[in-house]
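Notes to accompany the following structure.
The values are calculated or read from the model by the stated rules, or taken from the named source; none is laboratory data. These numbers come from a predicted model, not from an experiment. Here the Cβ positions follow ideal geometry from the backbone for every residue, glycine too, while neighbour counts run over all protein chains shown. Only protein heavy atoms, including side chains, enter the accessible area calculation; ligands, DNA and RNA are left aside. Shrake-Rupley method; radii C 1.70, N 1.55, O 1.52, S 1.80 Å.
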Amino acid sequence: MWQRCGIGKRLVAALIDSARAHGLRTMIGEVLAANTPMLRLARSQGFRIDRHPDGGELRRLSLDLLP
């Protein structure tokens, strides 16, 4: 019901803003490889998507927060 309403995008943007405000340099997350909507959202927000070192079912997301 709440899917595709922009809530995820707003939450990710708020997390990025908060991380920057707290002086973090990088955000790292883990997502199931099959979760294509989340991978698409992460890519649209500038995250790099790599294979996870622990297995093929996961992807590691990373975002450089420095200006």
So how much accessible area does I7 have, in Å² to the nearest 10, using a 1.4 Å probe? 70 Å²
Does the chain classify as rounded, prolate or oblate by the C-alpha gyration tensor (a ≥ b ≥ c root eigenvalues; a/c under 1.5 gives rounded; else a/b over b/c gives prolate, otherwise oblate)? oblate
Return the loop-located trypsin sites (Lys or Arg not before Pro) in the stretch 21-65 (DSSP other than H, G, I, E, B) with at most 16 other Cβ atoms within 10 Å of their own Cβ; answer none if there are none. R25
Taking the chain as a Gaussian network, where each spring joins two C-alpha atoms under 10 Å apart, which residue of G29, G55, G46 fluctuates the most? G55
